[in-house]
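Working notes, beginning with the structure itself.
Where a number appears in this text, it was derived from the coordinates with a stated rule and is not lab data. Predicted model, so just to flag it, every value in this text is computed and none were measured. As a convention, Cβ positions derive from the backbone with ideal geometry for all residues, glycine included, and neighbour counts pool all protein chains shown.
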């Protein structure tokens, strides 16, 4: 929990608490967190896509420990990013959706502004990833997507997002220019950190390939062809545009001579399946618990320390905060639910975990003080099995076009049925009961109804 202003932590704390607060080890790595925005888990060359070109991320994958079965706990932008900033699940950090529901307060009203400000204040309950790195002696820069007020409010020492002075500002204001309008703010920050001989942390979360899908014409021409719907061609070109910006960033680290001792972590905030006939996403992708919504490749690349490898285990973005903090030699809060994967990344030993968990809520938050009011599903993956449980949380305007999952438990064998076409809950009631108990033990819900028995 934050009790000290960021200026004190960054400038005065080392003098008060001694050298332990500084990054006094010459091997302390720089850290770059690359966050794709609304991208399907298959939509990379290294993940087997037959059309989308991602040569720079393909090369990064060759240099990385890659978890092809990576996941985010919540398939929506703001909750997913808040998890990466705090290391906590959405039901714990409280930011379960993107906005307060307009059903209970006019978005132009003072009441709505109060609810919005309350949501932004939730981050104050936690030691954020940037704050913990600053206490270790890092300079920290925010660019791209950022919902929680100004970059300073998140604990960054530098950044692009100034906050949201106008009612329409939501998810990053000036920060959203990165990538789409060049990389200069990031490269200038790297120049400064290198000149000052300080370790640095980059939050690179460009508004890419997120809509609007308006790629440069030179890229769109690569994907426009007979038989390919224009919305899909535009989305595919956006994925390549995002890849180009990643190449610029990684190339600049090489140019400055810091790449070998830089930990690059890659993940996307949530999945996306492009609708073929109109702008927007198809069912069973963003905002859903299906693979198209929650699955993402997760990569760790640190040339000085980590040997590239393909890992078969499950990984979750809930693990990124403790793993990054461990790599930096920073303090890891004791209450973080994720795993520090660094020992496994270094040794190659199997991760001692057999299940991961997730949850989903309505896009608009019905009650900012009660997550269960908007709860739509919880899920667990154990080995090949995936169980989805549905709830009667309040839906909203977004769910009217992308309905919630079907009622009752849904059990899928992800190895035999990776597209989740066949619900086998009726054939395996013992698996349903076991995983439902694991879900209840992970995040108990008593105020909302669910069906966990299978009709025979």
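Helix 77-86 against the longest principal axis of the chain: what's the angle in degrees, Cα atoms only, rounded to the nearest 10?
The angle comes out at about 50 degrees.
Indicate, rounded to the nearest 5 percent, the antiparallel portion of the DSSP beta bridges found entirely in the chain.
Percent antiparallel among DSSP bridges in the chain is about 50.
What full-extension length gain, to one decimal in nm, is calculated for residue 118 and residue 419 as 0.36 nm per residue of separation minus the Cα-Cα distance?
104.5 nm is the gain from fully extending residue 118 to residue 419.
Calculate the FRET efficiency for residue 437 and residue 109 from the Cβ-Cβ distance with a Förster distance of 45 Å, rounded to the nearest 0.05.
Given R0 = 45 Å and the Cβ-Cβ separation, E is 0.55.
Report the label-to-label distance for residue 304 and residue 335 in nanometres (one decimal), using points 7 Å from each Cα along the Cα→Cβ vector.
About 3.4 nm, to one decimal.
Angle between the Cα long axis of helix 230-255 and the longest principal axis of the chain, 0 to 90 degrees, nearest 10?
Helix 230-255 sits at roughly 30 degrees to that axis.
FRET efficiency for residue 51 and residue 162, Cβ-Cβ distance as r, R0 = 41 Å, nearest 0.05?
With R0 = 41 Å, the Cβ-Cβ based efficiency is 0.60.
For the range 6-354, state the average projected area of the convex hull of the C-alpha atoms over all orientations, rounded to one decimal in nm².
Mean projected area of the Cα convex hull: 17.7 nm².
Within 10 Å, count the other beta carbons around each residue, average over each peptide in 67-77, 419-429, 328-338, and list them highest first.
Highest-to-lowest ranking by the protection proxy: 67-77, 328-338, 419-429.
Need the full-extension length gain, residue 198 to residue 352, defined as separation in residues times 0.36 nm minus the C-alpha distance. One decimal, nm.
Full extension from residue 198 to residue 352 adds 52.0 nm.
So what's the angle, to the nearest 10 degrees on a 0 to 90 scale, between helix 110-121 and the longest Cα principal axis of the chain?
With both axes taken from Cα atoms, the answer is about 60 degrees.
Order these peptides, 118-127, 154-163, by their mean beta-carbon neighbour count within 10 angstrom, highest first.
Going by the mean number of other Cβ atoms within 10 Å, highest first, we get 154-163, 118-127.
Do you know the relative contact order of the chain, to the nearest whole percent, from alpha carbon pairs under 8 angstrom that are 6+ apart?
Relative contact order, the chain: 21 percent.
Normalised by the residues of the range 252-322, what does the relative contact order come to in percent, with Cα pairs under 8 Å and at least six apart?
32 percent
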